[in-house]
Amino acid sequence: MDRHVEAGAGDKVAFHWVGEPGEDARDITYAQLQDEVCQAANALVELGVQTGDRVAIYLPMIPEAVVAMLACARLGAPHTVVFGGFSADALASRVEDCQAKVVITADGGYRRGAPSALKPAVDEARTKTDLIEKVLVVRRTGQDVAWDDNVDVWWDGAVGSASTEHACEFFDAEHPLYVMYTSGSTGTPKGILHTTGGYLVGAAYTHWGIFDLKPESDVYWCTADIGWVTGHSYMVYGPLANQATSVMYEGVPDSPHKGRWWEIIEKYKVSIFYTAPTAIRTFMKWGDDIPAQHDMSSLRLLGSVGEPINPEAYIWYRETIGGGRAPVVDTWWQTETGSIMISPLPGVTAAKPGSAMRAIPGIVADVVNDEGESVPDGSGGYLVIKEPWPSMLSTLWGDDQRFKDTYWSRWKGMYFAGDGAKKDIDGDVWVLGRVDDVMNVSGHRLSTTEIESALVSHPKVAEAAVVGATDEMTGQAVCAYVILREAAGDGGADIVTELRNHVAHEIGAIAKPRQIMIVPELPKTRSGKIMRRLLRDVAENREIGDVTTLTDDSVMKLIAQGAAASAED
Ligand code: WT7
């Protein structure tokens, strides 16, 4: 920001911000953003934030979210943005893990045409952790909030009254920039640590190269929420480093009508658009006549991220949204990689519907077998990265050992991404999905074990097993098998609803199982491991695979019968 303002671009629009209600849309220039970031930095200093302190950000998609992130960066106080859809428990556990002392939140936000609350979740989180010293609250909806004078501070007052002068500090390239929590295959979410210099290089380089950005003429829109890494790299850090003009939208795609996104593209003449396959499939279902009502001739490039894009959705996206003119870049990367690793370069390399194609210049990716040997073209294996890259994660917050074990222990000198992939006969990469106990639901990463722990924390549950089953809309869906405690009897008529709500309360609504089956037993090997493969067969209505390693193969018959009965309900 300082660089761009100094170079004379202060009047350039950084964000066309669109609130869900619509009438409050506003443009924010680079100079205005700089002023507000300086004010927020001064306000945070007043609240006691010092270089190195962690700050949690729990906000809707409003400009203050960007301001808060940049204010933290300016002070060298690593931020951890917690998705607004996560529960109080999820917020508290992240605050605890990275020892954040300040939380920046809002009274609420607008979602599906109505205000939704956020501050109460922070209040609840404060009953679970005593680390939070100050809560800075943006007034967004004007709804009533509980107030603790010792802790709560209104953003309007503290930021609004602060000076717009703040000398930007300089830090080592390896100074921590942020911690982003993401689900792993075991236990609690992992705090992915990104540092300053390399991360910015990765975000800026890829945002410029893969999106073919022409900052003077493009209007760029990434629909990701700021609570995910895509919102960090491709809504905040990459575009702002490149002096881009972006759209930022607060709400859902179907409020007040199903053409909301296309209306925004038409209004702001968006030229580069970046979204997720799950959204594309939803729009496909809603029908071609909705996008057809809008002039989207400004679009010249489309991007996809978060999960494999099925060729049908890819072609629909290219033809119906891109009018057959705009190429699609299918971008593969992860929270850990910080920026895009595998993607076509528009106008430079070829693209195929369903393939992320090749590693971009500077990145060395490969597909290897169990021994870590590169597989020949036409075969499958595990996706790895073989050389370091600028925006690679530095470690897992507070857990170097887990960092080594998770990513670096499988094969010497190779980063193990956790994805299965194949190389086609041309040597182009097709990412197949996770090979660990991580599910991908609507492009969001969820851990089977984390949801299992949430279920088991319910007093009526004795044991639980969770699998990700293929789902036409969301890619994968959460399916849970639950054994109730004897004392719980049959759990009562509403047991499934009760358990689904319990998971939402423990983790967040996105983790709610699509299906919960109450079963008498779970299929286990002689060593006591749950055979998720068989449960996945049931959830996907397939014939059940090899059961010879089970202690008792009659268990599967019972489960399959139970599943058939619950499907009939
Ligand atoms: C996992 C990473 C990258 C930001 C959003 C998700 C899957 C991501 C693709 C793609 C196939 C993809 C992988 C990866 N994934 N992009 N273009 N094609 N799969 O970040 O939550 O860290 O998830 O998302 O399985 O490992 P994340």
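The values are calculated or read from the model by the stated rules, or taken from the named source; none is laboratory data. What you see is a predicted model, and the numbers here were worked out from it, not measured in a lab. Here the Cβ positions follow ideal geometry from the backbone for every residue, glycine too, while neighbour counts run over all protein chains shown.
Only one residue in Gly372, Gly398 is among the small types (Gly, Ala, Ser), outside any strand (DSSP E or B), more than 10 Å from the ligand (Cβ to nearest atom) and surrounded by fewer than 16 Cβ atoms within 10 Å (Cβ to Cβ). Which one?
After ruling out the rest, the residue left standing is Gly398.
Looking only at region 335-369, count how many residues are surrounded by fewer than 19 Cβ atoms within 10 Å (Cβ to Cβ) and in contact with a strand residue (DSSP E or B) (Cβ under 6 Å, 6 or more places away or on another chain).
The total comes to 1.
Taking the criterion of being modelled with pLDDT under 95, buried (at least 19 other Cβ atoms within 10 Å of the Cβ) and hydroxyl-bearing (Ser, Thr, Tyr), would at least one residue in region 165-179 satisfy it?
No; the residues of region 165-179 include none that is modelled with pLDDT under 95, buried (at least 19 other Cβ atoms within 10 Å of the Cβ) and hydroxyl-bearing (Ser, Thr, Tyr).
Which residue, of Ile385, Ile309, is modelled with pLDDT under 95 and surrounded by 15 or more Cβ atoms within 10 Å (Cβ to Cβ)?
The match here is Ile309.
Please specify each residue of region 180-217 satisfying the condition of being surrounded by fewer than 22 Cβ atoms within 10 Å (Cβ to Cβ) and within 22 Å of Ile280 (Cα to Cα).
Answer for region 180-217, where residues must be surrounded by fewer than 22 Cβ atoms within 10 Å (Cβ to Cβ) and within 22 Å of Ile280 (Cα to Cα): just Asp212.
Given the structure, is Pro291 at pLDDT below 95 and either more than 16 Å from the ligand (Cβ to nearest atom) or buried (at least 19 other Cβ atoms within 10 Å of the Cβ) (or both)?
For Pro291, the condition - at pLDDT below 95 and either more than 16 Å from the ligand (Cβ to nearest atom) or buried (at least 19 other Cβ atoms within 10 Å of the Cβ) (or both) - is not met.
Scanning for something more than 20 Å from the chain's Cα centre (by Cα), of a type outside the set (Gly, Ala, Ser), closer than 18 Å to Tyr274 by Cβ and more than 12 Å from the ligand (Cβ to nearest atom), does region 322-336 turn up at least one residue? Quick ask: steps written out before the conclusion?
Initially, region 322-336 is screened for residues more than 20 Å from the chain's Cα centre (by Cα), giving 322-328.
Narrowing the set further to residues that are of a type outside the set (Gly, Ala, Ser) leaves 325, 327-328.
Imposing the further condition that a residue be closer than 18 Å to Tyr274 by Cβ reduces the set to 325, 327-328.
From the residues that got through so far, the ones that are more than 12 Å from the ligand (Cβ to nearest atom) too are 325, 327.
Yes: region 322-336 contains one or more residues that are more than 20 Å from the chain's Cα centre (by Cα), of a type outside the set (Gly, Ala, Ser), closer than 18 Å to Tyr274 by Cβ and more than 12 Å from the ligand (Cβ to nearest atom).
With respect to Asp148, determine if the residue is within 17 Å of Gly48 (Cβ to Cβ), of a type in the set (D, E, K, R), part of a loop (DSSP other than H, G, I, E, B) and out of contact with any helix residue (DSSP H, G or I) (no Cβ under 6 Å at 6 or more places or on another chain).
yes
Looking at Glu64, Glu20, Glu46, Glu36, which is the one that is over 22 Å from Gly160 (Cα atoms) and of a type in the set (Asp, Glu)?
Glu20
Taking the options Lys460, Lys512, name whichever one is in contact with a Leu (Cβ under 8 Å, 6 or more places away or on another chain) and touching a residue at least 12 places away in the same chain (Cβ under 8 Å).
Of Lys460, Lys512, the one residue that is in contact with a Leu (Cβ under 8 Å, 6 or more places away or on another chain) and touching a residue at least 12 places away in the same chain (Cβ under 8 Å) is Lys460.
Under 6 Å between Cβ atoms, which residue pairs at least 6 apart in sequence (or on different chains) link something in region 329-352 that is touching a residue at least 40 places away in the same chain (Cβ under 8 Å) with a partner that is within 7 Å of the ligand (Cβ to nearest atom) and of a type in the set (Ser, Thr, Tyr)?
If the second residue must be within 7 Å of the ligand (Cβ to nearest atom) and of a type in the set (Ser, Thr, Tyr), the pairs left are Thr335/Thr182; Ile340/Thr331; Ser343/Thr331.
Can you tell me how many residues in region 414-444 are within 8 Å of the ligand (Cβ to nearest atom), modelled with pLDDT of 90 or more and small (Gly, Ala, Ser)?
So the answer is 2.
Kindly indicate which of Tyr481, Tyr407 is touching a residue at least 60 places away in the same chain (Cβ under 8 Å), within 26 Å of Leu522 (Cα to Cα) and either away from the ligand (no atom under 16 Å from the Cβ) or within 23 Å of the chain's Cα centre (by Cα) (or both).
Values: Tyr407 fails: within 26 Å of Leu522 (Cα to Cα).
Of the residues listed, the single one that is touching a residue at least 60 places away in the same chain (Cβ under 8 Å), within 26 Å of Leu522 (Cα to Cα) and either away from the ligand (no atom under 16 Å from the Cβ) or within 23 Å of the chain's Cα centre (by Cα) (or both) is Tyr481.
With respect to the numbered conditions (1) in contact with a helix residue (DSSP H, G or I) (Cβ under 6 Å, 6 or more places away or on another chain); (2) more than 16 Å from the ligand (Cβ to nearest atom); (3) modelled with pLDDT of 95 or more, which one is the sole condition not fulfilled by Ala203?
Here Ala203 meets the rest and fails (2).
Considering Tyr274, Tyr268, which residue is modelled with pLDDT of 95 or more, under 21 Å from Ala224 (Cβ atoms) and within 24 Å of the chain's Cα centre (by Cα)?
Unique residue meeting the criteria: Tyr274.
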